[in-house]
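Since the structure comes first, as structure tokens, the remarks are kept for the end.
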Amino acid sequence: ACYFKYPKPGGGSLWDYAATACLYHEAGAIACDIYGQPMQLNRADSTLMNHRGLIYASDRKLAHHIVALYRSISRL
């Protein structure tokens, strides 16, 4: 299973995503940005989260496929 959001300016504050990211990590699932990096949950310059996109995935293999797909379509 997965849920992802494309990057866009603004949108969603860290408190909209932090608790879910914590639950996913505790369950062994993946919560990261659209590039496969950890979410920036404590930025000094903004509380908005969707500047790098978001992925919640049930496993690492699925998250890697989503990252690869996003990279391939963002080059078009």
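For region 3-22: of the residues being within 11 Å of the chain's Cα centre (by Cα), in contact (Cβ under 8 Å) with a residue 40 or more places away in the chain and open to solvent by less than 70 Å² (accessible area, probe 1.4 Å), which is nearest to L62 (Cα to Cα)? Step by step, filter region 3-22, then rank; the result is K5.
Within region 23-32, is there a residue that is more than 19 Å from A1 (Cα to Cα) and open to solvent by less than 90 Å² (accessible area, probe 1.4 Å)? Scanning region 23-32 turns up no residue that is more than 19 Å from A1 (Cα to Cα) and open to solvent by less than 90 Å² (accessible area, probe 1.4 Å).
This table checks each residue for (1) in a strand (DSSP E or B); (2) more than 13 Å from the chain's Cα centre (by Cα); (3) surrounded by fewer than 19 Cβ atoms within 10 Å (Cβ to Cβ).
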site	(1), (2), (3)
G36	no, no, yes
N50	no, no, no
Y56	yes, no, no
H65	no, yes, yes
L69	no, yes, yes
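The values are calculated or read from the model by the stated rules, or taken from the named source; none is laboratory data. This is a predicted model, so every value here is computed, not measured. For neighbour counting, all protein chains shown are included, and Cβ atoms are generated from backbone atoms with ideal geometry for every residue, glycine included. All accessible areas refer to the heavy atoms of the entire protein, side chains included, with ligands and DNA or RNA removed. Shrake-Rupley method; radii C 1.70, N 1.55, O 1.52, S 1.80 Å.
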